Amino acid sequence: MIEVEDLVKRFGDKVAVDHITFSIQEGEAFGLLGPNGAGKTTTIRMLITLIPPTSGQMRIAGLDVQRHKMVIRRLLGYVSQSLSADSTLTGYENLLVVAKLLGFPRQERERRIWEVLELLNLRDAAHSLVRTYSGGMVRRLEIGQAILHRPRILILDEPTIGLDPTARRSVWEALELLRNQEQITLLVTTHYMEEADAYCQRVAIMDQGRIAAIGEPAALKASLNRPGATLEDVFTSVTGNTLESGGSYREVRQLRRRAQRFG
Ligand SMILES: Nc1ncnc2c1ncn2[C@@H]1O[C@H](COP(=O)(O)OP(=O)(O)OP(=O)(O)O)[C@@H](O)[C@H]1O
């Protein structure tokens, strides 16, 4: 479904993405892991046609991304790290705004909004203001905004950052449902290794613009030949970093932003 070959992105002298190659199968949940500055966001930005690559190939559903930007955009849903739901509107109204922007006819608009609310377990909260939602509900609503147009691929940048464990589980359960019921292919960046381990069929660990390891979590863990090895151990082994070295500041920043928004 997604094929990336020898992809490079330079910003001046800085090589943000350095000759990476990977592919994602239809219906798969694929995790892109890596410390801050590894090149994950830059990779995603190229895939969603926001910035052009310096060199290399990207194909989505067999189409060259650079040559078919408009078609590719319709195939994709994107959930960025920043908050996109309006807290002064209800969940239903937030979806309605997006549906109107997409130009859905009225009847289809209603049908699809309720379908999405149901899928994301938000039906009962449809007419409550988003400011009364929990963090997990807001995130699920944002996923709803991104899938209204029935994309075949959903790309999410740190979908569970700043959420408590229960909310994180609710978000992943929603994503699992989308994969199973709507056959949506998922590309997710995350700092949470145990989530990638539990919910992604395959992961790629990026470091300094390169892919340091790629494969099924179980196979990557087994490659360490250490009983009880975790994905975090794999991460440390291939990058020489612990997540704390960069992840903590960023998480604090994200948590603060969220706290400001909901506080
Ligand atoms: N527009 C830009 N101009 C110059 N350098 C950039 C630009 N965008 C990204 N970079 C650099 O490219 C490298 C990769 O950044 P990128 O944001 O892709 O990393 P990341 O893995 O997504 O990290 P994070 O998790 O912090 O977002 C970093 O060193 C970053 O400073």
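The values are calculated or read from the model by the stated rules, or taken from the named source; none is laboratory data. Keep in mind that this is a model prediction, so the values were computed, not measured. Note that we place each Cβ from the backbone using ideal geometry, even for glycine, and neighbour counts take in every protein chain shown.
Annotations for the structure displayed:
- Selection within the range 218-256 - surrounded by 15 or more Cβ atoms within 10 Å (Cβ to Cβ), more than 17 Å from residue 198 (Cβ to Cβ) and either within 21 Å of the chain's Cα centre (by Cα) or modelled with pLDDT under 55 (or both): 246, 247, 250, 251, 254
- The residues of the range 62-101 that are in a helix (DSSP H, G or I) and touching a residue at least 60 places away in the same chain (Cβ under 8 Å), listed by number, are 74, 75.
- Residues of the range 117-145 classified as closer than 13 Å to residue 174 by Cα and either among the hydroxyl-bearing types (Ser, Thr, Tyr) or under 18 Å from the mean Cα position of the chain (by Cα) (or both), total: 11
- Conditions (1) within 17 Å of residue 184 (Cβ to Cβ); (2) at pLDDT below 90: number failed by residue 149: (2)
- Filter result for residue 47 (under 25 Å from residue 138 (Cβ atoms) and within 16 Å of the ligand (Cβ to nearest atom)): yes
- Residues in the range 1-30 that are more than 22 Å from residue 196 (Cβ to Cβ) and either touching a residue at least 40 places away in the same chain (Cβ under 8 Å) or assigned to a loop (DSSP other than H, G, I, E, B) (or both): 5, 6, 8, 9, 10, 12, 13, 15, 19.
- Count of the range 178-192 residues, restricted to those that are surrounded by 15 or more Cβ atoms within 10 Å (Cβ to Cβ) and in contact with a Gly (Cβ under 9 Å, 6 or more places away or on another chain), is 9.
- When residues in the range 16-40 are screened for being surrounded by fewer than 17 Cβ atoms within 10 Å (Cβ to Cβ) and either near the ligand (Cβ under 8 Å from one of its atoms) or on the phi > 0 side of the Ramachandran plot (or both), 4 of them pass.
Condition check ((1) β-branched (Val, Ile, Thr); (2) surrounded by 18 or more Cβ atoms within 10 Å (Cβ to Cβ); (3) touching a His at 6+ places or on another chain (Cβ under 7 Å)) across all residues:
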| site | (1), (2), (3) |
| --- | --- |
| 83 | no, no, no |
| 92 | no, yes, yes |
| 104 | no, yes, no |
| 113 | yes, yes, no |
| 124 | no, no, no |
| 128 | no, no, no |
| 135 | no, yes, no |
| 141 | no, yes, no |
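- Conditions (1) surrounded by fewer than 16 Cβ atoms within 10 Å (Cβ to Cβ); (2) within 16 Å of the ligand (Cβ to nearest atom); (3) within 18 Å of residue 21 (Cβ to Cβ); (4) of a type outside the set (Val, Ile, Thr); number of the one not met by residue 57: (2)
- Of all residues in the range 121-129, one or more are part of a strand (DSSP E or B) and touching a residue at least 12 places away in the same chain (Cβ under 8 Å).
- Odd one out for residue 59, checked against (1) in a helix (DSSP H, G or I); (2) at pLDDT 95 or above: (1)
- Residue in the range 3-13 that is near the ligand (Cβ under 8 Å from one of its atoms), farther than 24 Å from residue 183 by Cα and surrounded by fewer than 21 Cβ atoms within 10 Å (Cβ to Cβ) present: yes
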